[in-house]
1. Between Ala104 and Glu28, what is 0.36 nm times their sequence separation minus the Cα-Cα distance? Round to one decimal in nm.
2. Using only alpha carbon positions, build the gyration tensor of the chain, then give the equivalent ellipsoid semi-axes as the square roots of 5 times its eigenvalues, largest first, whole angstrom.
3. Based on other C-beta atoms within 10 Å, arrange His41, His89, His53 from fewest to most.
4. Could you work out the relative contact order of the stretch 1-97? I mean the mean sequence separation of Cα pairs under 8 Å and 6+ apart, divided by the number of residues, in percent.
5. How big is the stretch 1-63 by the Kirkwood estimate over distinct Cα pairs, in Å?
Amino acid sequence: MAELEIITISTLEEMAEALFVRRRVFIEEQSVSEEEEIDSHDADPRRVSSAVHVLGRLAGAPVGTGRLLVEYPPGHNAHVGRVAVLAAHRGRGFGRQIMLALHALARGRGFPGITLAAQTHAIPFYERLGYAVRGPVFLDAGIDHRWMDIDLRSR
Ligand code: COA
């Protein structure tokens, strides 16, 4: 089976590959508007300090992505978001590998854990990784979400 290559995004070209995946998954598949989907954290990575993005490529082609928001005070969790794998490549462990790469980046920056807003259908995916749900369901971009957290110090 082909292996996923995961990189930390550092150029505008790599960012465009991640946005290609997100457009396919969130805008086309899930009908999220472009205005809601793409924000200031997605600008030229050489100028953005608020986020770190990862890109997963299969045989050189982009298939998955996710981002870590890092502008939080010491002792607070980093936030993960925009985790996406192209539909044709799901169920092969790629989403999990992207999450583990984001965990490693958070650890490397000294964050104690990660918080994310999980689409409710994806809760089992995050639970498999060790996240626990917190609080009630809420709507974001017209989609049901719940907060989830993981303590990275205990694993
Ligand atoms: N329900 C239950 N379990 C799920 C699941 C789901 N919807 N999606 C994944 N899992 C489980 C897998 O069975 C696997 O379990 P295992 O470790 O026992 O084998 C584990 O989670 C890892 O799955 P993986 O193959 O790495 O996930 P994936 O590559 O299919 O990616 C998503 C998962 C959520 C990123 C992908 O489905 C996706 O892009 N969805 C659309 C975008 C989205 O909703 N993103 C999340 C926003 S919060």
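Each value in this text was obtained by applying a stated rule to the coordinates, not by laboratory testing. Since the model is a prediction, treat every value here as computed from it, not as a measurement. A quick note on method: Cβ atoms are made from the backbone with ideal geometry, for glycine too, and the neighbour counts reach across all protein chains shown.
1. Values: separation 76, 0.36 × 76 = 27.36 nm, distance 2.98 nm.
Taking 0.36 nm per residue and subtracting the Cα distance, the gain is 24.4 nm.
2. Computed over the chain, the values are 21, 19, 17 Å.
3. Lowest count first: His89, His41, His53.
4. 29 percent
5. Computed over the stretch 1-63, the radius equals 12.4 Å.
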